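Peer 1: Here's a structure for you.
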Amino acid sequence: MTHKRKDLQTATGHRALDHKEPLIFELGTAETTGVDFSEPEPFEAELGGLERSEAMGLAGLSEPETVRHFTRLSRKNYAIDMGFFPLGSCTMKHNPRLNEKIARIAGLTDVHPLQPFSTIQGSLKVMAEVARWLGVLTGMPAIALSPKAGAHGELCGLMAIRAALEDAGDARTTVLVPESAHGTNPATAALCGYGVKTIPANDHGRVDVAALAEALKENIAALMLTNPNTCGLFENDILKIAEMVHDAGAYFYCDGANFNAIMGRVRPGDLGIDAMHLNLHKTFSTPHGGGGPGSGPVAFSKALMPFIPLPNVISINGRFALQELGVEGEQSIGRMAAFHGQMGMFLRALSYMMSHGADGLRQVSEDAVLSANYILESLKDVMTASYEGPCMHEALFDDRFMKDSGVTTLDLAKALIDEGFHPMTVYFPLVVHGAMLIEPTETESKASLDVFIGSMRSLAESIASGDVERFTSSPHLAPVGRLDETTAARNPILRWRAREQG
Amino acid sequence: MGMIKFSEDHEWIHSEDGIATVGITDFAQKALGDVVFVELPELGANVAKGDDIAVVESVKAASEVYAPVSGEIVAVNSALEDDPALVNRSPQDDGWFFKIKLADEGELEDLLDEDAYDAFAKDQA
């Protein structure tokens, strides 16, 4: 029987086929080059004295050296295609390969937005279909497809709300944002020129309705609510909240980042919401998190319809076109982007919606909620759940179970890397202490969830048994160990420089 | 001498001769963890009680710092810009944030005294 020598040192520093990877600047030098260019003919510079006077200092590597460097780096990456990725409020779900096939159909890729409409009828129909599906799922009458990401969608929604209020004579001054909202919400309000007032959460992790009632004054432009909220809970009072907001003459914005919990079960339009973005890159399975661009279409209520951005797909006598200019009597906020939005994401999202069908999309949200509740129930005897279940699509724990153990939420997240998982979202939402927000999505099988639950239970047992050092210095098995985040944030080195000679 | 008071937003307020020096409490710096960045209010700005006028950012979170009293900002601790760790090392002394010239000394009466704050913080721990 053979045995493995864990402490074996290699001459190269590599661990078998997993190479220790230097920075590209350390790999090559500026004195070498992988490509031969002829010396340029003498020429007159036309840069008005702004010519570069120093060498750029780029590492001169050959093509195979360059390819190997980046391929080796990519192998150290971790992605949803490699394993469980329970990053809360990010909906890291599987990107079906069917979507990729559809998005690569030549007739849909080899086109340009400035082509005559008669030559891109198929592409325009795809956009019209995406808008139609999103309209059915939200129960809202107008869909703006062009926003490029969730926060861009928020901006689009708030710009429409501001336009509607200005049209009525008073833009008002303040937007209300509950404590449990996504961090982008107050940023969006500020970018739109509004002050932000925070509404506290109650003991059940939901909006404190009494505090909301007190804050809803004549200067309030809108409430920005995330539902389900970042505690993974449905806002039970949402119908009452919508009525209160409207009675105050304000608009109701909903952050749709957590739509994966309610898709096919609840129509936001029925809840009294005036504007809500949908993250195609979360709920509708298009790649994100370094894997692809976002896409954040916005659904609007009837009250905000006159203000939606351009361009929009319209159909005239069965032929599709993009409406590029405003219509007399309507007050569009104008363009959110140069063109019509993320076509590649529309194709993937439509592929996802059509391949699932209405019943399939409903099952998606049911399975996502079931998975999260399975995690909540399976771990609440060894960790501390912040709120009584059942939860929606994400399970929230806090650090009370580690109190006085010497192990923090950050340490536990790092230890989870050793276990082979991307850590969950930590220290968010802020309303609970040392938060751990776990979102499994519908992607994971029960077997996969059981492996994760087993790991978390064993880590919780290690904490209880007092093995603190395992956590405070983790990760031990990753290519790099515990990084000094404090020094990195206090004294960031943003540019590589050659070390001084001698 | 002066008088030291505390707010429910975990700030300490040391007032003397109509000037209030404000910082965050030891409890607050412990909860935040290593502070990596501090944004201070503008000198000369007029602030109202409850306005968010400064930001303190740690490895865990970014938090707002509120004006515990109304008045004019008459000094800011620019040492925090180069050395935000002062907030962790000396939260209730060298790590002060700003000084406010009090518009209404009566507002100090709404703040907590040390015993009341300690009880409040203990309840939050």
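The values are calculated or read from the model by the stated rules, or taken from the named source; none is laboratory data. All values reported here derive from a predicted model rather than from experimental measurement. Cβ sites come from the backbone with ideal geometry, for glycine too, and all protein chains shown count toward neighbours.
Peer 1: Residue check: is A:H433 within 14 Å of chain B (Cβ to nearest Cβ) and either closer than 19 Å to A:N260 by Cβ or over 22 Å from the mean Cα position of the chain (by Cα) (or both)?
Peer 2: Details: within 14 Å of chain B (Cβ to nearest Cβ): yes; either closer than 19 Å to A:N260 by Cβ or over 22 Å from the mean Cα position of the chain (by Cα) (or both): yes.
Yes, satisfied.
Peer 1: While we're on this one: Would the range A:113-125 turn up any residue that is touching a strand residue (DSSP E or B) at 6+ places or on another chain (Cβ under 7 Å), on the phi < 0 side of the Ramachandran plot, crowded, with 22+ Cβ neighbours inside 10 Å and in the same structural domain as A:H281 (by TED's automatic domain parsing)?
Peer 2: Restricting attention to the range A:113-125, the residues satisfying the condition of being touching a strand residue (DSSP E or B) at 6+ places or on another chain (Cβ under 7 Å) are A:117, A:121, A:124-125.
Of the ones still in play, those that are also on the phi < 0 side of the Ramachandran plot are A:117, A:121, A:124-125.
Imposing the further condition that a residue be crowded, with 22+ Cβ neighbours inside 10 Å reduces the set to none.
No, because not a single residue in the range A:113-125 is touching a strand residue (DSSP E or B) at 6+ places or on another chain (Cβ under 7 Å), on the phi < 0 side of the Ramachandran plot, crowded, with 22+ Cβ neighbours inside 10 Å and in the same structural domain as A:H281 (by TED's automatic domain parsing).
Each row is one residue, and each column tells you yes or no for (1) at pLDDT 95 or above; (2) part of a helix (DSSP H, G or I).
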site: A:F320; (1), (2): yes, no
site: A:A338; (1), (2): no, no
site: A:A349; (1), (2): yes, yes
site: A:A358; (1), (2): yes, yes
site: A:V364; (1), (2): yes, yes
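Peer 1: Output yes when any residue across the range B:96-112 is within 26 Å of A:A488 (Cβ to Cβ), of a type outside the set (F, W, Y) and not in a strand (DSSP E or B), and no when none is.
Peer 2: no
Peer 1: Going residue by residue through the range A:417-436, is there one that turns out to be touching a Phe, Trp or Tyr at 6+ places or on another chain (Cβ under 6 Å), of a type in the set (A, V, I, L, M, F, W, C), farther than 26 Å from A:E485 by Cα and part of a loop (DSSP other than H, G, I, E, B)?
Peer 2: The answer is no; no qualifying residue exists.
Peer 1: Out of A:D36, A:D81, A:D18, which single residue is over 34 Å from the mean Cα position of the chain (by Cα) and of a type outside the set (K, R)? Break it down into steps so the answer makes sense when it comes.
Peer 2: Values: A:D81 fails: over 34 Å from the mean Cα position of the chain (by Cα); A:D18 fails: over 34 Å from the mean Cα position of the chain (by Cα).
Checking each option against the conditions leaves just A:D36.
Peer 1: Let me ask you something else. If you go through the range A:272-288 one residue at a time, do you hit one that is in contact with a strand residue (DSSP E or B) (Cβ under 8 Å, 6 or more places away or on another chain) and surrounded by fewer than 23 Cβ atoms within 10 Å (Cβ to Cβ)?
Peer 2: The initial filter retains those residues of the range A:272-288 that are in contact with a strand residue (DSSP E or B) (Cβ under 8 Å, 6 or more places away or on another chain), namely A:272-278.
Okay, now just the ones that are also surrounded by fewer than 23 Cβ atoms within 10 Å (Cβ to Cβ), so A:272.
Yes, the range A:272-288 has at least one match.
Peer 1: Still on this structure, please answer the following. From A:G83, A:G107, grab the single residue that is under 26 Å from A:S355 (Cα atoms), part of a helix (DSSP H, G or I) and of a type in the set (G, A, S). Let's see the steps before the verdict.
Peer 2: Numbers: A:G83 fails: part of a helix (DSSP H, G or I).
The match here is A:G107.
Peer 1: Looking at the range A:479-492, which of its residues are among the aliphatic types (A, V, I, L, M) and within 14 Å of chain B (Cβ to nearest Cβ)?
Peer 2: Keep residues of the range A:479-492 that are among the aliphatic types (A, V, I, L, M), which gives A:480, A:483, A:488-489.
Within the range A:479-492, A:L483, A:A488, A:A489 qualify.
Peer 1: For the range A:470-478, indicate whether the set of residues that are more than 25 Å from the chain's Cα centre (by Cα), farther than 23 Å from B:V35 by Cα, more than 14 Å from every other protein chain (Cβ to nearest Cβ) and in a helix (DSSP H, G or I) is non-empty.
Peer 2: Yes.
Peer 1: I've got another one for you. Where the second residue is loosely packed, with under 11 Cβ neighbours inside 10 Å and the first is among the charged types (D, E, K, R) and lies in the range A:12-36, which pairs have Cβ atoms under 8 Å and are six or more apart or on separate chains?
Peer 2: From the range A:12-36, the pairs are A:K20/A:T12; A:K20/A:G13.
Peer 1: Right, here's the next one. Of everything in the range A:68-80, what is assigned to a loop (DSSP other than H, G, I, E, B) and either of a type in the set (A, V, I, L, M) or farther than 16 Å from A:L416 by Cβ (or both)? Give them in sequence order.
Peer 2: Just the residues of the range A:68-80 that are assigned to a loop (DSSP other than H, G, I, E, B), to begin with: A:76-80.
The answer is A:K76, A:N77, A:A79, A:I80.
Peer 1: Hey, any hits in the range A:228-248 for a residue that's under 23 Å from the mean Cα position of the chain (by Cα), buried (at least 24 other Cβ atoms within 10 Å of the Cβ) and closer than 16 Å to A:L165 by Cα?
Peer 2: no
Peer 1: Got a sec? Which of A:E388, A:E461, A:E442 is in a helix (DSSP H, G or I), touching a residue at least 24 places away in the same chain (Cβ under 8 Å), among the acidic types (D, E) and away from chain B (no Cβ under 14 Å)?
Peer 2: Values: A:E388 fails: in a helix (DSSP H, G or I); A:E442 fails: in a helix (DSSP H, G or I).
Exactly one of A:E388, A:E461, A:E442 is in a helix (DSSP H, G or I), touching a residue at least 24 places away in the same chain (Cβ under 8 Å), among the acidic types (D, E) and away from chain B (no Cβ under 14 Å), namely A:E461.
Peer 1: Right, here's the next one. Say whether the condition of being more than 14 Å from chain B (Cβ to nearest Cβ) and in contact with a Cys (Cβ under 7 Å, 6 or more places away or on another chain) is met by at least one residue in the range A:396-417.
Peer 2: Checked the range A:396-417: at least one residue is more than 14 Å from chain B (Cβ to nearest Cβ) and in contact with a Cys (Cβ under 7 Å, 6 or more places away or on another chain).
Peer 1: Among (1) part of a strand (DSSP E or B); (2) under 20 Å from B:K101 (Cα atoms); (3) within 14 Å of another protein chain (Cβ to nearest Cβ), which single condition is B:F37 missing?
Peer 2: Looking at each condition in turn, B:F37 falls short on (2).
Peer 1: Before we move on, is B:A125 modelled with pLDDT under 95 and within 14 Å of chain A (Cβ to nearest Cβ)?
Peer 2: Numbers: modelled with pLDDT under 95: yes; within 14 Å of chain A (Cβ to nearest Cβ): yes.
Yes: the conditions hold for B:A125.
Peer 1: Given (1) part of a helix (DSSP H, G or I); (2) within 21 Å of the chain's Cα centre (by Cα); (3) within 27 Å of A:E154 (Cβ to Cβ), identify the lone condition not met by A:H393.
Peer 2: Status for A:H393: all satisfied but (1).
Peer 1: Count, please, the residues in the range B:63-112 that happen to be within 14 Å of another protein chain (Cβ to nearest Cβ), among the charged types (D, E, K, R) and free of Cβ contacts under 8 Å to residues at least 40 places away in the same chain.
Peer 2: Number of matching residues: 4.
Peer 1: Let me ask something else about it. Name every residue in the range B:40-62 that is under 26 Å from A:D484 (Cα atoms) and either in a loop (DSSP other than H, G, I, E, B) or within 14 Å of chain A (Cβ to nearest Cβ) (or both), in order of residue number.
Peer 2: Scanning the range B:40-62 gives B:L40, B:V55, B:V56, B:E57, B:S58, B:V59, B:K60, B:A61, B:A62.
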